[in-house]
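K.L.:
Below is the structure I would like to discuss, written out as structure tokens.
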Amino acid sequence: MDEMILKINHLSKSFGSHEVLRDIDFTVNKGDVTSIIGASGSGKSTLLRCINLLEIPTSGEILYHGENVAKRGFKAPPYRAKVGMVFQSFNLFNNMTVLENCIAGQVKVLKKSKTEAKEHAMYYLEKVGMAPYINAKPRQISGGQKQRVAIARALAMDPEVLLFDEPTSALDPEMVGEVLAVMQDLAQEGMTMLVVTHEMAFARDVSNHVVYMNDGVICEEGTPADVFGNPQKQETRDFLTRFRNT
Amino acid sequence: MNIFVKLGQDIVSLWKEYAGLYLNGVWNTVSLAVLCTAVGCLIGLLCGILNTIPYTKNDNIFKRILLRTIRIVNQIYVEVFRGTPMILQAVVIYYGLPYFTNYAVRFSSVWLCAFVVVSVNTGAYMAESVRGGIISIDPGQTEGAKAIGMTHWQTMTNVILPQALRNILPQIGNNLIINIKDTSVMSIIGFTEFFAIHKSVAGTTYQYFPSAAIEMVGYLSMTLIASFLLRLWEKKMDGASNYELVQVDSLTMTAGTYSHPDKGSPFDEKSKEFHTAKELKRERRERKLQELKYGRPKGDR
């Protein structure tokens, strides 16, 4: 259980003179469900995008099984195939059907045969409850359905770690439920997940590690019981009270 | 009225004599325009892909220099060929090559030269259109593709270009129609396309206007057919606006197939009751009001 997958050392990122992330340190072990919480603009999404190399960190290391992926000349595509990502805005390929969305990566990147890829994709589409809609185009299905397809697409690549960038923020309350249910199932099956979220209930009940970020630094981290039940820092307490009130 | 009868007679007599020549001209024009538009599009796509390869400061120095050079060369190509008249490009290339190489290198046929000039010219225009098409695609699509491990080339060919192509299809149509008309300048290097036929026929028969009338009709029919075919292609690319549910259990009710408690299904007795003239009128009025309030419902393209 304790095999380390990701280790982040002194990660910083600035856009121009604006420092978004400062000296971030944390580790992700196999089977961990880590929730990153914090106010908007505190750098949560940037951290996730740095981990997937969609943003290049200004300094610091991201160790993936001990190999620094943030170094010069690192080949990102094979690494990204192992680290799945689910976006706030779904980012399904608009020119493909639901099924093709889930197959494309397997065939083009993992070089699987079409039939094999289809079987694999169908397994995950079934799992997220989207199997009846395989012939639909993304523009024809609802937001919650799109997000479930996006999760299936990421899962079909057999990633070691799945990054979720506010997966439910663009959805209405009813659809949030269906997406969270899928994520909860995954967590129970032992998928390693890193979730940026505003769903405090999810962070508290599903994850086993909570990171609270404030102004580009990790303010507090620990088990959900610690962070939610007995927050040490004043900022964390303020943040959590604000959330309870709303 | 007599003048029109005379024009008709002149056209018929011209056509009787030179129909073969005219048709040959049409064939030369159409084949050159279609071929060059296709090749030009390929050049444009290639430039578009090369032009948008991203580089970050994490890449090594050679890659960065190479990519910078590609972009600069591309820029020069586009500016030069977009900024000079095609008629001049044809002359410069056709007569310039032998001039500079002391007649060692020359085009074996005018067709080949015309083909090169028009293709390269179209490519310059298409390069910019493709760039615009690529920019118009939501960056989220690129990120989605990158996130599952696709390389730039895979992202482009599988995700971005199919979508960008749909967006630039009207532009491709534009270029095809422009090419059908503008290949006429290739008569300057002696290529016998449609317009060159007019010059030679009018030169021998002095029937300038009747011949020009034939040309007008000819060009207009070519462009009309071209735009009609392109519309068809666009429609085909948009695909079906509906999809089939794949349900293992065919009796499962899915959203939209439930029967409304008041209306019933469209096949039972109750629905007839509902569709009395008065009710229909009321329904239509309500829909009008809704439309006024919220705007017309937008269907799929």
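K.L.:
Return the single residue from A:Ile103, A:Ile56, A:Ile218 with maximal mean-square fluctuation; model: Gaussian network over chain A, springs between Cα atoms under 10 Å.
P.N.:
Its mean-square fluctuation being the largest, the pick is A:Ile56.
K.L.:
Could you tell me what a quarter of the Cα convex hull surface of segment B:70-199 works out to, in nm² with one decimal place?
P.N.:
Details: hull surface 40.0 nm².
If you wrap the Cα atoms of segment B:70-199 in a convex hull and average its projections, you get 10.0 nm².
K.L.:
First obtain the Kirkwood hydrodynamic radius of segment A:14-74 from its Cα pairs, then insert it into the Stokes-Einstein equation at 4 °C and 1.567 mPa s, and state the resulting D in µm² per second as a whole number. Don't skip to the end; give the middle numbers.
P.N.:
On the way: Rh = 12.8 Å.
Result for D is 101 µm²/s.
K.L.:
Tell me, what is the FRET efficiency for B:Ile76 and B:Leu46 to the nearest 0.05, using R0 = 22 angstrom and their Cβ-Cβ distance as r?
P.N.:
Approximately 0.90, to the nearest 0.05.
K.L.:
How many angstrom lie between the Cα centre of segment A:142-176 and the Cα centre of segment A:199-246?
P.N.:
What the calculation gives is 23 Å, centre to centre.
K.L.:
At a threshold of 8 angstrom on Cα-Cα distance, excluding pairs fewer than six apart, so keeping six or more, what relative contact order does chain B reach in percent? List each step's numbers first, then the result.
P.N.:
Details: 238 pairs, mean separation 73.3, N = 301.
That works out to 24 percent.
K.L.:
Just how large is the dipole of segment A:107-186 about the Cα centre, in debye to the nearest 20, putting +1 at every Lys and Arg Cβ and -1 at every Asp and Glu Cβ?
P.N.:
Details: 11 positive and 11 negative charges, 122 e Å.
For this selection, approximately 580 debye.
K.L.:
Measuring from label point to label point, each 7 Å out along Cα→Cβ, what is the A:Gln188 to B:Lys281 span in nm?
P.N.:
5.8 nm
K.L.:
Here's a follow-up. For B:Lys57, which aspartates and glutamates qualify as cross-link partners when the Cα separation must be under 17 Å and same-chain residues fewer than eight apart are set aside?
P.N.:
A:Glu55, A:Glu61
K.L.:
Here's a follow-up. Leaving out same-chain residues fewer than 8 places away, which lysines sit with a Cα under 17 Å from that of B:Lys235?
P.N.:
Excluding near neighbours in sequence, the set is A:Lys137.
K.L.:
Defining a contact as two alpha carbons under 8 Å apart and six or more residues distant in sequence, what relative contact order in percent does chain A show?
P.N.:
Numbers: 448 pairs, mean separation 63.6, N = 246.
Across chain A, relative contact order equals 26 percent.
K.L.:
Sticking with this structure for a sec: Of A:Lys118/B:Lys146; A:Lys118/A:Lys146; B:Lys236/B:Lys281; A:Lys71/A:Lys146, which sit over 27 Å apart, Cα to Cα?
P.N.:
Working: A:Lys118/B:Lys146 21 Å; A:Lys118/A:Lys146 18 Å; B:Lys236/B:Lys281 37 Å; A:Lys71/A:Lys146 34 Å.
Beyond 27 Å between Cα atoms: B:Lys236/B:Lys281; A:Lys71/A:Lys146.
K.L.:
To continue, here is another question. What whole-number volume per residue, in cubic angstrom, does the convex hull of the C-alpha atoms of chain A give? Walk me through the numbers on the way to the answer.
P.N.:
Details: hull volume 32.6 nm³, N = 246.
Convex hull volume per residue, Cα atoms: 133 Å³.
K.L.:
Shifting gears a bit: Which whole-Hz couplings ³J(HN,Hα) result when phi for each residue of segment A:217-222 is put into the Karplus expression 6.51 cos²θ - 1.76 cosθ + 1.60, θ = phi - 60°, listed in order with x for Gly and Pro?
P.N.:
With coefficients 6.51, -1.76 and 1.60, one gets 10, 7, 7, 7, 8, x Hz.
K.L.:
Could I ask something else about it? For the pair A:Ser14 and B:Trp15, how long in nm is the line joining their label points, each one 7 Å along Cα→Cβ?
P.N.:
Going from the A:Ser14 label point to the B:Trp15 one covers 7.8 nm.
K.L.:
With the Cα gyration tensor of chain B in hand, give its eigenvalues times 5 under a square root as the equivalent ellipsoid semi-axes, listed largest first in whole angstrom.
P.N.:
Numbers: eigenvalues 511, 267, 44 Å².
The three semi-axes for chain B are 51, 37, 15 Å.
Each reported figure results from applying straightforward, stated rules to the coordinates on display, with no laboratory input. Since this is a predicted model, take the numbers as computed values, not measurements. We place every Cβ from the backbone using ideal geometry, glycine too, and count neighbours over all the protein chains shown.
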